[in-house]
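S.K.: Got a structure for you, written out below as structure tokens; questions coming shortly.
The values are calculated or read from the model by the stated rules, or taken from the named source; none is laboratory data. What you see is a predicted model; the values in this text were computed from it and never measured. Using ideal geometry, Cβ is built from the backbone for each residue, glycine included, and neighbour counts are taken over all protein chains shown.
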Amino acid sequence: MVDSASIEPNSTIRLGLRENLPQFSLLVLVNAFVGGMVGLERTIVPLIGAEEFKIASATVVAAFIISFGVTKALTNLVSGQLADSLGRKQALVLGWLVGLPVPFMIIWAPNWNWIVAANVLLGVNQGLAWSMTVIMKVDLVGPKSRGLALGLNEFAGYLAVGATAFATGYIAAATHALRPDPFYLGIGYAVFGLALSVFAIRDTSAHVRLETDKHPKVAPVRFSAVFTQTSFRDPTLFAACQAGLVNNLNDGMSWAIFPIFFAAHGLGIERIGVLKAVYPAIWGVLQTITGPLSDRWGRKGLIVSGMWVQAAGLIITAATKHFGWWLAGTALLGIGTAMVYPTLLAAISDASHPTWRARSLSIYRFWRDLGYAVGALLAGMIGDAFGLDWAIAAIGIITFLSGLVAMIFMRETNTTKKIE
């Protein structure tokens, strides 16, 4: 049940970024803490598997990302339903409660199974907490500024991913140890994120009702109907879902393979941390530009071209053996992902009715984050069989083909776009 005390009277409810700036800003901060929890693992955890636990198989090392991706995807699938039935704020708090043990489990892990189990909890944390920050921001701003709102949300989350990936690499290099010092950051993220969610964040269900009142009435829609509509029946929603899956497929690959690939070519942990930070940092910062651009220029062009820019970055990374080229490749990967990430969320929001938008977003995020598991598993298998450079190149080719699918099937969803 939604906490009625957390919902303002209808007479005070307004839609828009400026009208809801204090709550919107708090949600941006909360999502920075959510992103930081993932950033803890970007540089260090694959190296813990390879160096501390002496795991030689890239597929086995990738198991922690597979557990994370599957759990996050399944949690995303139910997060929209929980948002509608339990309430946005309550689901956000639940996500933080589940995520609180994660840094402790990684610090104390006696074997790789503990790391895999910690990532099950991290997947639930991300599936609930990140989903709620997305849904609540869309609720607050209404239809006119979705790209901007989602760009700011993803900016905060992925800038925190990049900053934390760099910070953990720097701390590990300074202390000459992969554990425990880098993970103290995660304890702080979890405590502050939970405290803000409990004491400062208010539910946005009343904003949804206000927007719904402005739309034609529709009959209640079953979850199964929303699932098939979002996943397969609507060509635009299908194109967005497959692009989201492939986007996170290459992210899952980079998470599992890049640290091992760079280390195998002689890079130290600090320089690996730089490369692992550049990609999400560029991704995070540029979303403050690409999100609003999608409000003005439309969604489709940014999505298609963004997938192709990602593909170019992956091919460059696979085909070269020099830090400068790897820096350029990871930068292109960040630029392309920034073009795609908030734009896909905005396109799903555009094409969904307010009464089932939260469920449609959760279904899209299910397919998108399933890409983590698919990418890590596929890249690990290809890497074990043919080498890590071939794993990176194969994911690059898949990413290019995904952009082609989006070009063929997607229609422009932003009917309010402005072209000057």
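S.K.: If I filter segment 193-207 down to residues being out of contact with any helix residue (DSSP H, G or I) (no Cβ under 6 Å at 6 or more places or on another chain) and either hydroxyl-bearing (Ser, Thr, Tyr) or within 30 Å of Tyr170 (Cα to Cα) (or both), which single residue comes out as modelled with the lowest pLDDT?
M.R.: For segment 193-207, the residue satisfying everything is Ser205.
S.K.: So, of the residues in segment 289-327 that are part of a loop (DSSP other than H, G, I, E, B) and at negative phi, which turns out to be surrounded by the most Cβ atoms within 10 Å (Cβ to Cβ)?
M.R.: Arg299
S.K.: Can you spot a residue in segment 212-226 that is buried (at least 21 other Cβ atoms within 10 Å of the Cβ) and more than 17 Å from Gln23 (Cβ to Cβ)? So that I can check it myself, show each step before the final result.
M.R.: So in segment 212-226, the residues buried (at least 21 other Cβ atoms within 10 Å of the Cβ) come out as 226.
Still in the list and also more than 17 Å from Gln23 (Cβ to Cβ): 226.
Within segment 212-226, one or more residues are buried (at least 21 other Cβ atoms within 10 Å of the Cβ) and more than 17 Å from Gln23 (Cβ to Cβ).
S.K.: Would you point out the residue of segment 163-204, among those that are assigned to a helix (DSSP H, G or I) and of a type in the set (Ser, Thr, Tyr), that is surrounded by the fewest Cβ atoms within 10 Å (Cβ to Cβ)?
M.R.: Thr175
S.K.: Can you tell me which of (1) touching a Lys or Arg at 6+ places or on another chain (Cβ under 7 Å); (2) over 30 Å from Leu286 (Cβ atoms) is the one Gly123 doesn't meet?
M.R.: Result: Gly123 fails condition (2) only.
S.K.: For segment 235-255, does any single residue satisfy the condition of being under 16 Å from Thr168 (Cβ atoms) and either among the hydrophobic types (A, V, I, L, M, F, W, C) or surrounded by fewer than 24 Cβ atoms within 10 Å (Cβ to Cβ) (or both)?
M.R.: yes
S.K.: Test Val78 against the criterion of being modelled with pLDDT of 95 or more and either buried (at least 20 other Cβ atoms within 10 Å of the Cβ) or more than 30 Å from Glu412 (Cβ to Cβ) (or both), and give yes or no.
M.R.: no
S.K.: Let me ask another. Out of contact with any helix residue (DSSP H, G or I) (no Cβ under 8 Å at 6 or more places or on another chain) and assigned to a helix (DSSP H, G or I) - does that describe any residue in segment 30-44?
M.R.: No, because not a single residue in segment 30-44 is out of contact with any helix residue (DSSP H, G or I) (no Cβ under 8 Å at 6 or more places or on another chain) and assigned to a helix (DSSP H, G or I).
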